[in-house]
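Reviewing the structure listed below.
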Amino acid sequence: MNKKILVVLGHANSQSLCSHLADTYVEAAKSSGHSVDLLRLGELKFDPIFRYNYNEKEKQPLEKDLAMSQDLIQKAEHIVFIFPSYWASMPALLKGWIDRVFLPGFAFKYNKSKPLPDKLLKGKTARIIITMDAPSFWYKFINGAPGLKLLKIGTLKFCGIKPVKSTILDSVRGSSPERIAKLISSVKKLGLKGE
């Protein structure tokens, strides 16, 4: 079944491996008949700093690119996040975009009669693809996979997006061209399936 997919590239460098992976995923998904949009966060114009509390009367204006981001998320059935692990987490660019886009009234809604907010993004699924120099066992068992947990549990599942699957492409630094080609091929396979 064909899906409406949104790919979010959380790496600012258009020449990065993550950028190549995003292009590979998009091309493969489109070749399988999926409808795909690609958000290159490094090309968007927005203030990545969330400057007000949710309950304050003064609201931070939503820039045009962030309003477009919300529209694409709303229309998507499946969202794919591709980014490098920075200090076991995510690039500040991606975190700033999440802070500004996944707002109450859009991604969740406070409900005085319940301890947890209403999840406003139900019915969507997601895939998180993370590249890293470290081996995956170190990331998962020593660091506790903080970047993955932050996005998967603290953001996406909190807003109702599930299931959220993950792909960790580890030990990238110093990898042979053959191994990089295998990593790219694994992302192509995900794109072909729309996963």
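The numbers here are math on the coordinates, done by the rules we state, and not lab data. Treat the numbers as computed from the prediction; the structure is a model and nothing was measured. No Cβ is skipped: glycine too gets one built from the backbone with ideal geometry, and neighbour counts run over all protein chains shown.
When a footprinting reagent is the concern and you count Cβ atoms within 10 Å, what order do Tyr86, Tyr54 take, fewest first?
Numbers: Tyr86 16, Tyr54 11.
Starting with the residue having the fewest Cβ neighbours, the order is Tyr54, Tyr86.
Using only the alpha-carbon atoms of the stretch 32-77, report the extent along each of the three principal axes, biggest first, to the nearest angstrom.
46, 21, 13
Apply the membrane-span-like helix rule to the chain: whole DSSP H runs, Cα extent along the own long axis of at least 18 Å, mean Kyte-Doolittle hydropathy at least -1.0. List the helices found. Intermediate values should be presented prior to the final figure.
Numbers: long enough: 17-31 (21 Å, 0.13); 177-193 (24 Å, -0.05).
Membrane-span-like by this rule: 17-31, 177-193.
Going 7 Å from the Cα of Tyr110 in the Cα-to-Cβ direction, what parts of the stretch 151-186 have a backbone nitrogen less than 17 Å from that spot?
Residues passing the 17 Å test: 159.
How large is the helix-only mean residue ellipticity at 222 nm for the chain, computed as the sum of -39500 (n - 2.57) over DSSP H runs with n ≥ 4, divided by its residue count, in deg cm²/dmol to the nearest 500? Numbers along the way, then the final one.
Details: 5 runs with 60 residues, N = 195.
So the helix-based figure for the chain works out to -9500 deg cm²/dmol.
So what's the stretch 156-195 giving for Rg/Rh, alpha carbon basis, Kirkwood Rh from the mean inverse pair distance? Can you show the working numbers first?
Details: Rg = 13.5 Å, Rh = 12.0 Å.
A ratio of 1.12.
Regarding the stretch 55-164, what's the average projected area of the Cα-atom convex hull, expressed in nm²?
Numbers: hull surface 32.1 nm².
Hull-based average projected area comes out at 8.0 nm².
Could you tell me the ratio Rg/Rh of the stretch 1-99? Both radii from Cα atoms, Rh via Kirkwood. Don't skip to the answer; put the middle values down first.
Values: Rg = 14.6 Å, Rh = 14.5 Å.
Over the Cα atoms of the stretch 1-99, Rg/Rh equals 1.01.
For the pairs Lys30/Lys124; Lys64/Lys157; Lys4/Lys114; Lys3/Lys45; Lys119/Lys149; Lys30/Lys119, flag any whose C-alpha to C-alpha distance is greater than 23 Å. Don't jump to the answer; show the numbers that get you there.
On the way: Lys30/Lys124 19 Å; Lys64/Lys157 26 Å; Lys4/Lys114 32 Å; Lys3/Lys45 28 Å; Lys119/Lys149 18 Å; Lys30/Lys119 29 Å.
Distance filter (> 23 Å) returns Lys64/Lys157; Lys4/Lys114; Lys3/Lys45; Lys30/Lys119.
Return the whole-Å distance between the Cα centroid of the stretch 163-195 and the Cα centroid of the stretch 114-148.
Centre-to-centre (Cα) distance: 17 Å.
What list do you get for Val80, Val7 if you sort them by fewest beta carbons within 10 Å?
Val7, Val80
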